[in-house]
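Following: one structure in structure tokens, then a few remarks.
The values are calculated or read from the model by the stated rules, or taken from the named source; none is laboratory data. No experiment lies behind these values; they were computed from the predicted model shown. Note: ideal-geometry Cβ built from the backbone for every residue, glycine included; neighbour counts use all protein chains shown. Accessible surface areas use protein heavy atoms only, side chains included; no ligands, DNA or RNA. Shrake-Rupley method; radii C 1.70, N 1.55, O 1.52, S 1.80 Å.
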Amino acid sequence: MIRAGVKAILAADPEIDVVAEAADGREAVALVRAHRPQVALLDIRMPRLDGLAAAAQIRQLVPETAVVMLTTFGEDDYIARALGDGASGFLLKSGDPRELIAGVRAVAAGAAYLSPRVARRVLALGGERMARGPAARDRTATLTEREREVLALVGAGLSNAEIGRRLFLVEGTVKSYLSTIFSRLGVRNRVQAAIIAYEAGLVDAA
């Protein structure tokens, strides 16, 4: 029922094509390999192969496909693991349908996306693995002013192209900035960078 509802919501958007749906994690991996979509939307809990294991396989086999995780409150351990596994977004199963569409669109455009309600949980979890508050500000202090501007826009959920337009930079330059930012902050993906941006007060986590 949940899968049917998600499919109906996404299929109703003229800019989104639902190319396949899977009943379990193994089928999801196989279908991603066959169709190579821009985005794979995975439930954290799935039969045969859970969403985290499926995401890890997708990242290895089809790295150009971004992964968005569907979660519920009470699945904090799963969210914490997904943070380190390169998920590009987190959405609530019970969230607003418009948020589901916005999240898929954002990730398809190359941005990270955190449901605002999930973000509060992710921020709390991220505190166990990454700096918070003053420590996060100390880490971002090593960045140049322009790098902090780019990081803040990553935290706000903008894609590389959108960041480039906002800061009057070509997309290749934005990618270069992000590579430097990730290296200096010691993070591996946009979601982890966004968390530090939130914790450092560069963007409004609310």
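The table below gives the values:
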| quantity | calculated |
| --- | --- |
| Check on residue 21, surrounded by fewer than 17 Cβ atoms within 10 Å (Cβ to Cβ) and under 18 Å from residue 113 (Cβ atoms) | no |
| Residue satisfying all of: in the range 90-123; modelled with pLDDT under 70 and of a type in the set (A, V, I, L, M, F, W, C); surrounded by the fewest Cβ atoms within 10 Å (Cβ to Cβ) among these | 123 |
| Index of the failed condition, residue 87 passing every other in (1) open to solvent by less than 50 Å² (accessible area, probe 1.4 Å); (2) under 20 Å from the mean Cα position of the chain (by Cα); (3) at pLDDT 90 or above; (4) not acidic (Asp, Glu) | (3) |
| Selection count, the range 11-28, where residues are among the aliphatic types (A, V, I, L, M), touching a Leu at 6+ places or on another chain (Cβ under 7 Å) and assigned to a helix (DSSP H, G or I) | 1 |
| Exclusive hit being open to solvent by less than 40 Å² (accessible area, probe 1.4 Å) and either in contact with a Ser or Thr (Cβ under 8 Å, 6 or more places away or on another chain) or closer than 12 Å to residue 112 by Cβ (or both), set 154, 150 | 154 |
| Condition check for residue 25: within 22 Å of residue 97 (Cα to Cα) and either of a type in the set (Asp, Glu) or in contact with a helix residue (DSSP H, G or I) (Cβ under 8 Å, 6 or more places away or on another chain) (or both) | no |
| Count of residues meeting criterion [surrounded by fewer than 17 Cβ atoms within 10 Å (Cβ to Cβ) and of a type in the set (A, V, I, L, M)] in the range 162-202 | 2 |
| Residue 38 vs. criteria open to solvent by 30 Å² or more (accessible area, probe 1.4 Å), closer than 28 Å to residue 153 by Cβ and at pLDDT 85 or above | yes |
| Test result for residue 139, touching a residue at least 60 places away in the same chain (Cβ under 8 Å), in a helix (DSSP H, G or I) and open to solvent by 60 Å² or more (accessible area, probe 1.4 Å) | yes |
